[in-house]
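Structure, as structure tokens:
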Amino acid sequence: MTQKQNAPASRKTNESAFQPIKPIADSTSATPAKPIRFTARELRALQRLQQYPEVNRLDLDAYLAANNSPDVIQKLRHKLGEDAILTVRFPVVNAFGEKAQAGKYILTEAGHASIARMGGLPCSNA
């Protein structure tokens, strides 16, 4: 019989784009926690959320030079905890005169606490 070969590795990532952060201590875990790794875009989003009490979705998109801030926020929630970032929606009228919903993000106390437990965010030139 022949051995099965390992499946090919999924898409390679640029390791230099990820920044390791100290793990969040978990007193319920018997094994040491792995460091949380953030992409450069996630770090920029976190830095912006720490700088301002509320960040409009469009402003965050512009700051990140991207149009996927909801995806970035979702990934940050997965890494920091679902209650780390609050989304507040409010009614607006779009460019076509139609009613729509806009959103803004708020780094909650739980989010600040998660970052503090990691030893803070690394400094960036961004």
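Of the peptides 89-100, 35-46, how do they stack up when ordered by the mean number of other Cβ atoms within 10 Å, highest first? List each step's numbers first, then the result.
Numbers: 89-100: 8.6, 35-46: 19.0.
Sorting 89-100, 35-46 by mean packing, highest first, produces 35-46, 89-100.
Shown for region 31-126: lysine pairs separated by 8 or more places, or found on different chains, whose C-alpha atoms are under 26 Å apart, numbering 4. Evaluating kT/(6 pi eta Rh) at 37 °C and 0.692 mPa s, with the Kirkwood radius of region 36-117 over Cα pairs in the Stokes-Einstein relation, gives 250 µm² s⁻¹.
Where a number appears in this text, it was derived from the coordinates with a stated rule and is not lab data. No experiment lies behind these values; they were computed from the predicted model shown. For neighbour counting, all protein chains shown are included, and Cβ atoms are generated from backbone atoms with ideal geometry for every residue, glycine included.
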